[in-house]
Amino acid sequence: MISILIVEGNPHLRSLLGWHLQQAGYSVHHCSTIQQARNFFNKSQATLTILDSDLPDGDGIEFCNWLYQEEKSLILILSARNSEKDIVRGLRAGADDYLRKPFGMQEFTARVEALLRRQRTNNAPLALEYGLLKIDLVHRCVEFQGELVELTPQEFSLLYVLAQAQGNALTRSELLQRAWPDAIDNPRTIDTHVLSLRKKIEIDPRQPSIIQTVRNVGYRFNPEAINLQAMIQPQLSSLNSTTTT
């Protein structure tokens, strides 16, 4: 899956960009400072880095040059610096593209797509499949046990973000930031949507195993539970058939 890192000091813009990219099927990570971004690259990698030129702890252009020298990823600079001199400096520092603020979301996503065409071998998948559960990223729909599940757009986004975390627990704040298009500061919103999701994709919503509560943290998506259910389901069907006979 294509991984995109957003390094942006403005939390509202960071959240908005992340939401649009997630809707397009990319795996998105967020940082607000250069130090956080360095820590990210010490442990992981990204296909594309979307980088603000002015960050709270330093010059984004200098960090761009470090990314370029280390061959870490493609780089798209976002900047309120609009002079020709500034643009030339960013491109010479190693940026693959330079987008001036303010900008529209359609232009932003078009530039991202243009850059990622350079990474054709790493195209985002059309669907995520976990045993009995299939998340269709193209049509934004979900199948569970072979049947289409009717999810609201927000429920789909929440499930997708949880699945993207690959079993890692996410706090309610992280889920609000990644799955909601607008800034919301109400953690109970997550609880309400998780409850609704469980009713639709859990075999027993009263004892959920696919979307698990992690005490003092938040929630995690548990693909192992789905795979286990996929193995148990045929056995249960066979047992029920034998009992009926």
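Hey, can you tell me all the residues within the stretch 78-92 that are of a type in the set (Asp, Glu) and either surrounded by 11 or more Cβ atoms within 10 Å (Cβ to Cβ) or within 14 Å of residue 17 (Cβ to Cβ) (or both)?
Quick first cut of the stretch 78-92, residues of a type in the set (Asp, Glu) only: 84, 86.
86 - this is the single residue of the stretch 78-92 that is of a type in the set (Asp, Glu) and either surrounded by 11 or more Cβ atoms within 10 Å (Cβ to Cβ) or within 14 Å of residue 17 (Cβ to Cβ) (or both).
This table checks each residue for (1) touching a strand residue (DSSP E or B) at 6+ places or on another chain (Cβ under 8 Å); (2) among the hydrophobic types (A, V, I, L, M, F, W, C).
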{"position": "164", "(1), (2)": "yes, no"}
{"position": "167", "(1), (2)": "yes, no"}
{"position": "207", "(1), (2)": "no, no"}
{"position": "210", "(1), (2)": "yes, yes"}
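Working only within the stretch 58-83, note down all residues that are without any contact (Cβ under 8 Å) to a residue 24 or more places away in the chain and part of a strand (DSSP E or B).
Result: 59, single match.
Take the residues of the stretch 1-32 that are out of contact with any strand residue (DSSP E or B) (no Cβ under 6 Å at 6 or more places or on another chain) and part of a loop (DSSP other than H, G, I, E, B): which is surrounded by the fewest Cβ atoms within 10 Å (Cβ to Cβ)?
The selected residue is 10.
Checking residue 77 against (1) more than 30 Å from residue 135 (Cβ to Cβ); (2) at pLDDT below 95, only one condition comes out false. Which one?
All conditions are met except number (2).
How about the stretch 135-245: which helices (runs of 4 or more DSSP H) wholly inside it have at least 3 residues that are modelled with pLDDT of 90 or more and assigned by TED's automatic domain parsing to the domain that holds residue 24?
none
Residue by residue, here is whether (1) within 15 Å of residue 17 (Cα to Cα); (2) more than 20 Å from the chain's Cα centre (by Cα); (3) modelled with pLDDT of 90 or more; (4) small (Gly, Ala, Ser) holds:
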residue	(1), (2), (3), (4)
94	no, yes, yes, yes
99	yes, yes, yes, no
102	yes, yes, yes, no
116	no, no, no, no
122	no, no, no, no
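Any residue at all in the stretch 53-61 that's under 16 Å from residue 111 (Cα atoms) and touching a strand residue (DSSP E or B) at 6+ places or on another chain (Cβ under 9 Å)?
No, that holds for no residue.
Is it the case that residue 95 is in contact (Cβ under 8 Å) with a residue 24 or more places away in the chain, in a loop (DSSP other than H, G, I, E, B), touching a Lys or Arg at 6+ places or on another chain (Cβ under 8 Å) and at negative phi?
Numbers: in contact (Cβ under 8 Å) with a residue 24 or more places away in the chain: yes; in a loop (DSSP other than H, G, I, E, B): yes; touching a Lys or Arg at 6+ places or on another chain (Cβ under 8 Å): no; at negative phi: yes.
Considered against the rule, which asks whether it is in contact (Cβ under 8 Å) with a residue 24 or more places away in the chain, in a loop (DSSP other than H, G, I, E, B), touching a Lys or Arg at 6+ places or on another chain (Cβ under 8 Å) and at negative phi, residue 95 comes out as no.
The values are calculated or read from the model by the stated rules, or taken from the named source; none is laboratory data. Since the model is a prediction, treat every value here as computed from it, not as a measurement. No Cβ is skipped: glycine too gets one built from the backbone with ideal geometry, and neighbour counts run over all protein chains shown.
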